[in-house]
Amino acid sequence: MDLDAARIVVALVAAQRLGELVLARRNTARLLAEGAVEHGRAHYPAIVALHTAWLAVLAVQAEGTVAPWWLAAFLALQAGRVWVLVTLGRYWTTRIVTLPAAPLVRRGPYRWVRHPNYLVVALEIPVLALALGLPWTALGFGLANAALLAWRIRTEDRALAGRRGISPA
């Protein structure tokens, strides 16, 4: 497999995700030490597997070129991703970890969207596949990710319901 533009992009995204995992693990450990509780452990391995498979399939299937407009859209989504990470700060994790005494974040993108991180993820998975010329991969992984995100959002909403002043479903 040659190191072409597509594989360089996939490698950079993989490196970004690995860096995020390091940050998430550090934040998760600190929050748990402060008395936080993890919710939804059952779906977490499926999310990790989906994202790992997505990157692997992109690396194997990509023809080598990158569509500039789709790549620009993906980069714009990364700006949204950074905005979420900065807004949540020490509370950002890749797991659902709640610290009962902590206030809910209502600034940054959370002023307008209830789950901005999930919106970014829901869009970036198909957008990167489209940037690499893989429309069927975009559709398949986009749908699979949407199903997992629906599960995750229900779990997170239940975990945060008491803090939002709504009864859990």
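Derivation of every value follows stated rules applied to the coordinates shown; laboratory data play no part. Keep in mind the model is a prediction, meaning the values are calculated, not measured. Methodologically, a virtual Cβ is constructed for each residue, glycine included, from the backbone with ideal geometry; neighbour enumeration extends over all protein chains shown.
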What residue among 29, 101, 46 shows peak mean-square fluctuation when the chain is described by a Gaussian network model with Cα springs under 10 Å?
101
Using alpha carbons only, how many degrees (0 to 90, rounded to 10) separate the axis of helix 116-131 from the longest principal axis of the chain?
10 degrees
Relative to the chain, whose Cα atoms define the longest principal axis, helix 68-88 and its Cα axis are tilted in degrees, nearest 10, by 20 degrees
Taking the simple approach of a point 7 Å from Cα along Cα-to-Cβ for both residue 150 and residue 99, what is their distance in nm?
3.3 nm
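Let me have the relative contact order for the stretch 79-169, percent, based on Cα pairs under 8 Å that are six or more residues apart.
Working: 53 pairs, mean separation 22.6, N = 91.
Reported as a whole number, the value is 25 percent.
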FRET efficiency (residue 61, residue 33; Cβ distance; R0 35 Å; to 0.05) is 0.25
Could you give the Stokes-Einstein D for the stretch 80-157 in µm² per second, using the C-alpha Kirkwood radius, 37 °C, 0.692 mPa s?
239 µm²/s
For the chain, max minus min Cα coordinate along each principal axis, in Å, sorted largest first?
50, 29, 29
Nearest-ten-degree value, helix 135-164 long axis tilted from longest Cα axis of the chain:
10 degrees
